[in-house]
Every structure is written in C-alpha cells, then in structure tokens.
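Have a look at the structure below, then the notes.
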Amino acid sequence: DIWCNYIRALERYEQPHGEVRQVFEQALAAGIQQHGAYLELWLCFIDFMRRKTVWEKEVSESMSELRNVFEKANTHLAKVKDDPEFVISKYWANLEADQFGMMDNARKIWSEITLDDPFKAATWMEYIQLEKIFGDKKHLRKAYQRAVEKTFDNPEAVIKSYIQFEREEGSLDAFDHAKKLCRIKMNKVAASKEKENAAKA
C-alpha cells in the first residue's frame, strides 16, 4: 500500500515518468512477502501507464510500451505465482478489445486463460461478456459451446445463458443444437454426481 500510494502521489504531482518507473522498480526489488502484493504493485504501475497512453488508430509508442508492461507483469507474476485469477491478463484483454480495437488479440489472451482455468463457469462467463460487447455472433456461439463442454462447477449458469442467446439470436437449427449439447452435458454432470455420491456412500 505504501509503495502504491507513493507511485500515485508522484503521478498526482506530475513527476517525470522516469522517476515513477524508478520507484516502481525499487518496490519490486524490496522483497515484499505479502500475498497479492506484487499483483497490486503491477496493477498500480499499469494504471499509471494506461493513463499516460496516447490512443491512436495506428499503434503509438505509448501503446506499444503499455503492451510491453503487460507482458513483463505476466512473466514476473507467473514466476512468483501471485496472479491466480489472471487479473492482469483480463485487464489486458479488455484494453485490447476496447482501446486498441484488436479483438483477435483479446481472444488470444482469453484462450490462454481458459486453457489454464477451463472448468470454472465464472471464467467462461467473463469471456462471453467481452465477446458480447466487442466480438461477433460466430465467436460468441463458439465460446458458449466450449463453455458448455468444459465447465464443471456451475454448468447450469452457462447453459441458461447459452439457451437465452440462441433464443434471441439463433435459427431453429442453432436452437435445437444448443438444446442437444446442453442435454448431453447435464447427463454427464448427473452421472458424475451419481459416481461421487456412490463413492461417499
């Protein structure tokens, strides 16, 4: 908290970019032991860099710098295992979709997230939300289908949202296909639960 407040104070009083970076690097080297502290530090510095970014149609120097910082953050946090929820990657994907206007890049980032964390409904629903806002129906449908296939903890939430999507957007064939996929999934879930209950008994 102290280091983050220091970095924000430097920004508030419009100190040179180099000084902010220097303080951030000192903070990284300080040997902080607290869980989640490195993630907070990186978020603080990325916020600073994002506010300094000049958004243009062609990728500006500051836009490239921001991407570079995201890459470094992910490399460091993977090494110290301090971003289990992929907060930095999700932040980056949102900016790629929204500010950079590069939905393909956002999808690449999300494919890495879902590869590492494939079974959580909440993870898939976050990606689906991004696809709804910035993507297209083709990719959204594909995301729903993969989510139905992979989700293990709360498939009902994904299924409900998928069926509603096909109700609003899909053809009769697409709706039938969605119902079939969801039925197969729920049969698998029921069989898996039965096994678990038998094992407990």
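The values are calculated or read from the model by the stated rules, or taken from the named source; none is laboratory data. Every value quoted in this text rests on a predicted model; they were computed, and no experiment measured them. When we count neighbours, we look across all protein chains shown, and the Cβ atoms used for this are built from the backbone with ideal geometry, even at glycine. For the accessible areas, the whole protein counts, side chains as well, though only heavy atoms, and no ligand, DNA or RNA atoms are used. Shrake-Rupley method; radii C 1.70, N 1.55, O 1.52, S 1.80 Å.
Kindly list, by first and then second residue, each pair from a residue in region 42-61 that is polar (S, T, N, Q) to a residue that is assigned to a helix (DSSP H, G or I) and surrounded by 13 or more Cβ atoms within 10 Å (Cβ to Cβ), limited to pairs with Cβ atoms under 6 Å and residues at least 6 apart or on different chains.
Correct list of pairs: Thr53/Ser62; Thr53/Met63; Thr53/Leu66.
Just a yes or no: is a residue in region 44-53 out of contact with any strand residue (DSSP E or B) (no Cβ under 6 Å at 6 or more places or on another chain) and in a loop (DSSP other than H, G, I, E, B)?
Taking region 44-53 as the starting set, the residues that turn out to be out of contact with any strand residue (DSSP E or B) (no Cβ under 6 Å at 6 or more places or on another chain) are 44-53.
With in a loop (DSSP other than H, G, I, E, B) added as a condition, the list becomes 53.
Yes: one or more hits.
Name the single residue, out of those in region 40-62 being among the aliphatic types (A, V, I, L, M) and farther than 28 Å from Pro84 by Cβ, that is surrounded by the most Cβ atoms within 10 Å (Cβ to Cβ).
To start, the set of residues in region 40-62 that are among the aliphatic types (A, V, I, L, M) comprises 41, 43, 46, 49, 54, 59.
Then drop every residue that is not farther than 28 Å from Pro84 by Cβ, which leaves 54, 59.
Values: Val54: 8, Val59: 13.
Here the residue is Val59.
Please verify whether region 155-162 includes one or more residues that are among the small types (Gly, Ala, Ser) and either in contact (Cβ under 8 Å) with a residue 40 or more places away in the chain or closer than 30 Å to Gly36 by Cα (or both).
Looking only at region 155-162, we keep the residues that are among the small types (Gly, Ala, Ser), and these are 157, 161.
When the remaining residues are screened for being either in contact (Cβ under 8 Å) with a residue 40 or more places away in the chain or closer than 30 Å to Gly36 by Cα (or both), the result is 157.
Checked region 155-162: at least one residue is among the small types (Gly, Ala, Ser) and either in contact (Cβ under 8 Å) with a residue 40 or more places away in the chain or closer than 30 Å to Gly36 by Cα (or both).
Might you let me know whether region 152-173 holds any residue that is open to solvent by 90 Å² or more (accessible area, probe 1.4 Å), among the charged types (D, E, K, R) and within 22 Å of Ser111 (Cα to Cα)? Show your work before the answer.
Taking region 152-173 first, the residues open to solvent by 90 Å² or more (accessible area, probe 1.4 Å) are 152-153, 160, 167-168, 172-173.
Subset that is among the charged types (D, E, K, R): 153, 160, 167-168, 173.
Narrowing the set further to residues that are within 22 Å of Ser111 (Cα to Cα) leaves 153.
Among the residues of region 152-173, at least one is open to solvent by 90 Å² or more (accessible area, probe 1.4 Å), among the charged types (D, E, K, R) and within 22 Å of Ser111 (Cα to Cα), which makes the answer yes.
Could you check Val189 against (1) open to solvent by 20 Å² or more (accessible area, probe 1.4 Å); (2) at pLDDT below 95; (3) assigned to a helix (DSSP H, G or I) and say which number it fails?
The one condition Val189 does not meet is (1).
Being at pLDDT 95 or above and closer than 30 Å to Ala174 by Cα is true for just one of Ala37, Ala122. Which residue is that? Don't jump to the end; show me each part of the working.
Numbers: Ala37 fails: closer than 30 Å to Ala174 by Cα.
Going through Ala37, Ala122 in turn, just one is at pLDDT 95 or above and closer than 30 Å to Ala174 by Cα: Ala122.
Is it fair to say Trp3 is crowded, with 17+ Cβ neighbours inside 10 Å and farther than 30 Å from Asp136 by Cβ? Break it down into steps so the answer makes sense when it comes.
Values: crowded, with 17+ Cβ neighbours inside 10 Å: yes; farther than 30 Å from Asp136 by Cβ: yes.
Yes: the conditions hold for Trp3.
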